[in-house]
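Single-structure report; data block below.
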Amino acid sequence: MRIPVESNVCNIPERLREIDPALRVFYNTDKQKYEVWGLDIRGPYLMASFPELDARVLASVRYGYFVARSTGAPYRHLLREQAEQDWRAEKDRIARLKDIEDGIRDDLKFMGKPVIQGASF
């Protein structure tokens, strides 16, 4: 049986609602644990369960929300931008190496040959 927890000494349920108004805390009498439930378009879902209702609950939920916000489309966009920057940097590096190689080939082409045709020293 789940009993709704509206408040406690540390005001954890109220502070959770500051993070997301859809979050609710219940005490599961069968498991003897506190459960944090959320609500989305598919309905209610269990986020996590904790043996005690304290600041660790807030830290865990905040971390979960941070991961959820940073691993979806924003994270894929960030990875795409980083891949494009890496590709451009690699392309520039290859172009610089090609210029160096061409310069060395030009230098080696005339090595040992007289600069003025027909003149020998």
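Treat each spin label as a single point 7 Å out from the Cα along the C-beta direction, and report the Asp106 to Val5 distance in nm.
Distance between the two pseudo-spin positions: 7.5 nm.
³J(HN,Hα) across region 33-49 via Karplus (A = 6.51, B = -1.76, C = 1.60, θ = phi - 60°), whole Hz, x for Gly/Pro?
Working through the residues one at a time gives 9, 8, 10, 9, 10, x, 9, 10, 5, 8, x, x, 8, 7, 7, 6, 10 Hz.
Check Val5: other-chain or 5+ apart residues with amide H under 5 Å from its amide H, H built from backbone geometry?
Val25, Phe26, Tyr27
For the peptides 94-100, 5-11, 51-57, what is the packing order when you average, over each peptide's residues, the other Cβ atoms within 10 Å and list the highest mean first?
Ranked by mean Cβ neighbours within 10 Å, highest first: 51-57, 5-11, 94-100.
Where nothing but the Cβ of Lys and Arg (+1) and of Asp and Glu (-1) is charged, how large is the charge dipole of the chain around its Cα centre, in debye to the nearest 20?
With only Lys, Arg, Asp and Glu charged at Cβ, the dipole is about 180 debye.
In the chain, how does Rg compare with the Kirkwood Rh, expressed as the Rg/Rh ratio over alpha carbon atoms?
Taking Rh as the inverse mean 1/r over Cα pairs, Rg/Rh reads 1.62.
Tell me, rounded to the nearest percent, the portion of alpha carbon pairs in region 36-87 spaced more than 12 Å apart.
73 percent
Since every read-out is calculated from the coordinates, none of them should be taken as a lab result. Fair warning: this is a prediction, and the values are worked out from it, not measured in the lab. Cβ: placed from backbone, ideal geometry, glycine included. Neighbour counts: every protein chain shown.
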